Amino acid sequence: MNVTVSQKVKDLLTQHQISESELARRINIPRPTVNRLVAGKMQSPKLHVLQAIATYFACDVASLTGVSDQVAHNQVCYIPW
């Protein structure tokens, strides 16, 4: 199951009982940016946005983006040398 960044952030918001607006205020990211991310309307969120969200929820960017999920499911990752 491939969970999107949007769904992971929604889940974290629910789990921590915080609104999108409150998260935006606490991490100093514009509210519309957080709203677009949660709505799935942001194809490639900027790294600083993901870092701010990950830091707030005490997780890492890889867990938000699903990179750690891919490794956990034994999917091969290609690393160019």
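Does region 29-69 come out rounded, prolate or oblate by the C-alpha gyration tensor, with a ≥ b ≥ c the root eigenvalues, rounded set by a/c under 1.5 and, if not, prolate when a/b is larger than b/c and oblate if not? Oblate, because a/c is 1.5 or more while a/b does not exceed b/c.
Note on region 1-47: with charges restricted to the Cβ of Lys and Arg (+1) and Asp and Glu (-1), its dipole about the Cα centre is near 160 debye. Shape class for region 1-47, computed from the alpha carbon gyration tensor (a ≥ b ≥ c): oblate, with a/c not under 1.5 and a/b at or below b/c.
On a per residue basis, region 1-50 carries 68 Å² of accessible surface, using protein heavy atoms and a 1.4 Å probe.
The values are calculated or read from the model by the stated rules, or taken from the named source; none is laboratory data. Worth saying up front: this structure is predicted, and the values here are computed from it rather than measured. As a convention, Cβ positions derive from the backbone with ideal geometry for all residues, glycine included, and neighbour counts pool all protein chains shown. Areas reflect the complete protein model, heavy atoms only, side chains present, ligands, DNA and RNA absent. Shrake-Rupley method; radii C 1.70, N 1.55, O 1.52, S 1.80 Å.
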